[in-house]
Amino acid sequence: MSREEFKIETQLVQGSGEFTEGQPRVYPIYQTTTYDYNSPEVLAELFDLKRDGYMYSRIGNPTVTAFEEKIAQLEKGVGALALASGQAANVTAILNICGCGDHIVSLATIYGGTANLFKSTLKKYGITATFVSPEASEEEIKTAFQENTKVLFGETLGNPEMNVIDFEKLVRVGKEKGVPVIVDNTLASPYLCNPIEYGVNIVTHSATKYIDGQGAALGGVIVDGGNFNWDNGKFPDLVEPDSAYHNLSYWKDFGKAAYITRARVTLLRDFGACLNPFNAFLFLRGLETLHLRMERHSENALKVAKFLENHEKIEWVNYPKLESSYSYENAKKYLPKGGSGVILLGVKGGREGAERFIKELTWIRSVIHVGDSRTCVLHPASTTHRQLSEEDQIKAGVLPEAVRLNVGIENVEDILKDIARALENI
């Protein structure tokens, strides 16, 4: 039985490659920058991309490769590229196919850091963005497109809105417009959802979140679905000869892996946002328990969301597995195994009520993190989405009274007691 035939729970626990007799059971950390060779001809072939192998750990490292291969397998892609952070993954995913004069269409319900990247930083380099509602019709999304649009972007679970996007709607628009759909799958994780199965072309993750699960390591990853035709006249950098590599064509020479190959040998090579081998080792350890944690996160979060939904001091609750959620039908379709561990709730009393609630919690701490095994809380308007205007905050689902609750894997009764006590005191 091949590893590709395993159920995802077994794929998470078992290695992505075959081991021979006497090799380490746990994949080791290759804490090295360089690799020994006797032949200058072999090194020349490595630099010309004519041979597989390692030459310098900025571009590739065995421990990092083991993590990349496992993520590619889990997400059902043709290849993956690990980077120093989730933000590095998203900016690399965009810059691999966008340059000065290009345009992005993005759903509005995305992480504040990514929104700032699209709205402000990339704009300074000549890449502009238009934001649309995830509930917009196909025709409405199409009206946001320009002749120079190169990407349609969204998040499986909007952070912090916790809406579930309609993959198939976005894929239909992307196909008609001839652009790839890139989806950040961080809050769902590869266990709860595989966007590539629904036709999404590129998937990104902040591995810092659920993949790690411990709040211990920074990292990101891009997965190439290998399901987009780059030779459609819009992406010359992937098709036309690259003078930096003796005029090879990524599309002609690497086929389905053209996108991920170019990201590695140009952007990773030149920008240097490589993943540390030790962090790759931690992510491999984290993946072995991902299914257990995501089941517990989802189970606990649903119980907490139902409690909050019926509490007199709570204005509203956004959680995809609540029947009252506008994303409930999408959640049933795309997230059958659970709704993840994040809840966005509105506390009565506006911003003052939200801040008072956070201060009244005892062991649930305010932390700039999500996807942690430990329950924590955050006020997005004053932290992760602080740089956005009030209008853009509201478009992203970040109201003044909104609190993002990361529900951990502790005993749910303890979580509920701390929340109930805090609500009583405001």
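Within segment 55-69, is there a residue that is open to solvent by 10 Å² or more (accessible area, probe 1.4 Å), hydroxyl-bearing (Ser, Thr, Tyr) and within 21 Å of GLY225 (Cβ to Cβ)? Checking segment 55-69: at least one residue is open to solvent by 10 Å² or more (accessible area, probe 1.4 Å), hydroxyl-bearing (Ser, Thr, Tyr) and within 21 Å of GLY225 (Cβ to Cβ). Under the condition of being under 13 Å from THR156 (Cα atoms) and in contact with a Phe, Trp or Tyr (Cβ under 6 Å, 6 or more places away or on another chain), the residues counted in segment 174-192 number 2. Selection of segment 285-305 for residues being under 19 Å from the mean Cα position of the chain (by Cα) and either of a type outside the set (A, V, I, L, M, F, W, C) or surrounded by fewer than 21 Cβ atoms within 10 Å (Cβ to Cβ) (or both) yields ARG285, GLY286, GLU288, THR289, HIS291, ARG293, GLU295, HIS297, SER298.
The combined condition, being touching a residue at least 12 places away in the same chain (Cβ under 8 Å), among the hydroxyl-bearing types (Ser, Thr, Tyr), out of contact with any strand residue (DSSP E or B) (no Cβ under 9 Å at 6 or more places or on another chain) and outside any loop (DSSP other than H, G, I, E, B), is fulfilled by TYR191. Restricted to segment 1-13, and to residues there that are part of a loop (DSSP other than H, G, I, E, B) and at pLDDT 90 or above, the residue that is most open to solvent (accessible area, probe 1.4 Å) is LYS7. The residues on offer are LEU83, LEU95, LEU122, and the sole one that is within 14 Å of the chain's Cα centre (by Cα) and modelled with pLDDT of 95 or more is LEU83.
Only one of the numbered conditions (1) farther than 18 Å from ALA72 by Cβ; (2) open to solvent by 10 Å² or more (accessible area, probe 1.4 Å) is violated by ILE196, and that is (1). Screening GLU391, GLU355, GLU401, GLU410 for residues that are surrounded by 21 or more Cβ atoms within 10 Å (Cβ to Cβ) and of a type in the set (D, E, K, R) leaves exactly one candidate, GLU401. Listed by position, the helices (runs of 4 or more DSSP H) enclosed by segment 194-269 that each have at least 1 residues that are farther than 16 Å from ASP48 by Cα and β-branched (Val, Ile, Thr) are 236-239, 258-262.
Going by the structure shown, is GLY60 under 29 Å from PHE254 (Cα atoms), modelled with pLDDT of 95 or more and not aliphatic (A, V, I, L, M)? Judged against the criteria, GLY60 is a match.
When segment 199-219 is filtered for residues that are surrounded by fewer than 24 Cβ atoms within 10 Å (Cβ to Cβ) and among the polar types (S, T, N, Q), only GLN214 remains. None of LEU388, LEU416, LEU405 is more than 23 Å from the chain's Cα centre (by Cα) and touching a residue at least 40 places away in the same chain (Cβ under 8 Å) except LEU416. Restricting attention to segment 306-322 and to residues that are within 23 Å of TYR191 (Cβ to Cβ) and assigned to a loop (DSSP other than H, G, I, E, B), the residue that is most open to solvent (accessible area, probe 1.4 Å) turns out to be LYS321. Out of curiosity, is THR109 open to solvent by less than 10 Å² (accessible area, probe 1.4 Å) and touching a residue at least 12 places away in the same chain (Cβ under 8 Å)? Yes; evaluated as a whole, the condition is true for this residue.
Among the candidates ARG51, ARG58, the residue that is part of a loop (DSSP other than H, G, I, E, B), more than 29 Å from ILE182 (Cβ to Cβ), in contact with a helix residue (DSSP H, G or I) (Cβ under 9 Å, 6 or more places away or on another chain) and not small (Gly, Ala, Ser) is uniquely ARG51. Among the residues of segment 327-365, what is the count of those that are assigned to a helix (DSSP H, G or I), within 22 Å of ASN310 (Cβ to Cβ), over 19 Å from the mean Cα position of the chain (by Cα) and in contact (Cβ under 8 Å) with a residue 24 or more places away in the chain? So the count comes out to 7. Residue under question is PHE167, and the condition is that it be closer than 13 Å to VAL200 by Cβ and buried (at least 20 other Cβ atoms within 10 Å of the Cβ); does it hold? Answer is yes for this residue.
The set of residues from segment 29-58 being among the hydrophobic types (A, V, I, L, M, F, W, C) and touching a Leu at 6+ places or on another chain (Cβ under 6 Å) comprises just one member, MET55. For segment 121-151, taking the residues that are in a helix (DSSP H, G or I) and polar (S, T, N, Q), the one that is least open to solvent (accessible area, probe 1.4 Å) is identified as THR121.
The set of residues in segment 358-377 being closer than 13 Å to VAL342 by Cα and open to solvent by less than 30 Å² (accessible area, probe 1.4 Å) consists of HIS369, VAL370, GLY371, ASP372, SER373, THR375, CYS376, VAL377.
The values are calculated or read from the model by the stated rules, or taken from the named source; none is laboratory data. Small disclaimer: the values here were computed from a predicted structure and weren't measured. Glycine also receives a Cβ, built like all others from the backbone with ideal geometry; neighbour counts cover every protein chain displayed. Accessible surface is based on the protein model in full, side chains and every heavy atom, while ligands, DNA and RNA are left aside. Shrake-Rupley method; radii C 1.70, N 1.55, O 1.52, S 1.80 Å.
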